[in-house]
Structure formats: structure tokens, C-alpha cells
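**Student:** Dumping the structure here so I can ask a few things about it.
The values are calculated or read from the model by the stated rules, or taken from the named source; none is laboratory data. Note that the structure is predicted; figures quoted are calculated from it, not measured. We place every Cβ from the backbone using ideal geometry, glycine too, and count neighbours over all the protein chains shown. Quick note on the areas: whole protein, heavy atoms, side chains included, nothing else; ligands and nucleic acids left out. Shrake-Rupley method; radii C 1.70, N 1.55, O 1.52, S 1.80 Å.
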Amino acid sequence: MKYSIYVVEDDNSIRDLYEMAFDNDEFDCKSFTRAEDMFEAIKQNKPSLIILDIMLPGIDGLTALKQLKSDQSTSEIPVIIASAKGDEDSKVRGLDIGADDYIAKPFGMLELIARVKANLRKVAYRKNNSSIIRAGEICVNDAEHIVTVNNMPVVITLKEYNLLKLLMNRIDVVIPREVILKEVWGYDFVGETRTLDMHIKSLRAKLGVYTSLPYIKTVRGVGYKFSLSDLDEK
């Protein structure tokens, strides 16, 4: 099996290095100078992994990353940010938006290939264990439709279950309110977003019986995310 790698990089020399590094029996590499071209290619074939620069003409890398991670059809594709912005703030911002990995330029190609393989292994593991979702003290057994916190069963409604599963499948990814409403309540849902807030409040209360950690975080003006960090705001 060949893994398909999409690279978005506007520097011709770096793009050539990517193509040489991933031109073998294990990988198939396609490179783009603009994120817009990558999105057009994804409509035809989804890649196994994306390597994305931040400073790009047209749509910048972080905006492209947000679009990838907020779209259900592309949210599971691992994305590695490869950028000349190697400061801590840039790395934290990229990872908070949803990047699966971040590597600062200049870097060695052997390191990049190792990171690509590591992220592909994570995807394979998630697929092989897709019926069990674990994060912190919470476990969702999708095969048996059971939620436990610290091994204690928690009784929640179907909507709360689907909401929790959606958030846990995208750990540390901020999911916009409209995306949550569309995926949990359906395309025809026309109720007010207060319904979502009420379900979040109820879910937090039920999980909080067995844990004091604020796993479900509110991102003001955007939506919600599931995070293992206890530093974020509830």
C-alpha cells in the first residue's frame, strides 16, 4: 500500500526536496504552491497525510488548517505544519487549531519522514481501535454504547452521547457550533444554539460526578473542544 502525501509549499527548492524524499515505493507525493489547489485535489482524492506551510499565497496555512479540521470529510486527515516560524507561540497556535504535528524549518528530511510515519501509525491505530475512544478518565465504548468515567458508568442521552463522541474524536480541535449542530442534530436542525449549550451543560454535570477535570472547553465566539489540559477555561 502506498501512502498519498500532499505538500503545500510555495518555495520551489523545498518543494523539490519533499518530492525527492517521498518518491519511493512507500509514498506518493503531490505538491502544491497554493492551498486552494490542494482543496481542489482533495475533491478527487483524499491524501493519507498533508504537510502544510503557514506562509502561503492566497489562503494561508493556518486558515487552510482550520478549514480542513472543521470539515467532517477531511478532519481525520493528519496535518503536519512545516514552517519557518519556529517560536513557541507559533507552534502552540498551530497545534491548538488542530495540527497533528509541527516541525520548524530548517529540518532534516529523515526527521520529517520519521514524523510522517509516526502520524500515519496513529491513524492506523485509531482505525483499528475505533470502537473504543479513550481520553483522560473518560471511555466511550461505541460497540456497547457505554460511557464510563474512572470505570464508573455514566447514563447520558443519545444526543449527549453523540456530542461527547464527536468532541472526543477530535481532541484539542475547536469545533464550531454550526458544525456540531449539523453533525449531532442533522442538516435540517433549525433550533437555536441554546439547545447545544444546554446539552453541553448537562453533559459536563454528568461527567463531573466522577471527575473534576474540565474536559469540555468553551471557545468563546467559536464553539467547543475536548481537551486534556486543565488550564483552559470551562
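**Student:** Which of the residues belonging to region 160-175 are of a type outside the set (Val, Ile, Thr) and at pLDDT below 90? Outline the logic, then answer.
**Tutor:** Of the residues in region 160-175, the ones of a type outside the set (Val, Ile, Thr) are 160-170, 172.
Result: 169, 170, 172.
**Student:** If you don't mind, there's one more thing I want to ask. Since residue 140 meets every condition but one in (1) under 30 Å from residue 3 (Cα atoms); (2) modelled with pLDDT under 90, which condition does it not meet?
**Tutor:** Of (1) under 30 Å from residue 3 (Cα atoms); (2) modelled with pLDDT under 90, only one is false for residue 140: (2).
**Student:** Taking residue 4, is it without any contact (Cβ under 8 Å) to a residue 60 or more places away in the chain, farther than 26 Å from residue 173 by Cβ and among the hydroxyl-bearing types (Ser, Thr, Tyr)?
**Tutor:** Against the criterion (without any contact (Cβ under 8 Å) to a residue 60 or more places away in the chain, farther than 26 Å from residue 173 by Cβ and among the hydroxyl-bearing types (Ser, Thr, Tyr)), residue 4 does not qualify.
**Student:** Among the residues of region 83-108, write down those that are outside any helix (DSSP H, G or I), over 20 Å from residue 179 (Cβ atoms) and open to solvent by 50 Å² or more (accessible area, probe 1.4 Å).
**Tutor:** Residues satisfying the conditions are 84, 85, 87, 106.
**Student:** Do you know which residues across region 41-69 are over 25 Å from residue 104 (Cβ atoms) and touching a strand residue (DSSP E or B) at 6+ places or on another chain (Cβ under 9 Å)?
**Tutor:** 41, 42, 45, 46, listed by residue number.
**Student:** Looking at this structure, is residue 57 in contact (Cβ under 8 Å) with a residue 40 or more places away in the chain and within 18 Å of residue 169 (Cα to Cα)?
**Tutor:** So residue 57 fails the test.
**Student:** Working carefully through the options 149, 116, find the one that is touching a helix residue (DSSP H, G or I) at 6+ places or on another chain (Cβ under 7 Å) and modelled with pLDDT of 90 or more.
**Tutor:** 149
**Student:** For region 140-175, give me each residue that is assigned to a strand (DSSP E or B), over 14 Å from residue 217 (Cβ atoms) and open to solvent by less than 20 Å² (accessible area, probe 1.4 Å).
**Tutor:** 140, 147, 149, listed by residue number.
**Student:** Let me ask something else about it. State all residues of region 2-32 that are open to solvent by less than 30 Å² (accessible area, probe 1.4 Å) and more than 24 Å from the chain's Cα centre (by Cα); if no residue qualifies, say none.
**Tutor:** 21
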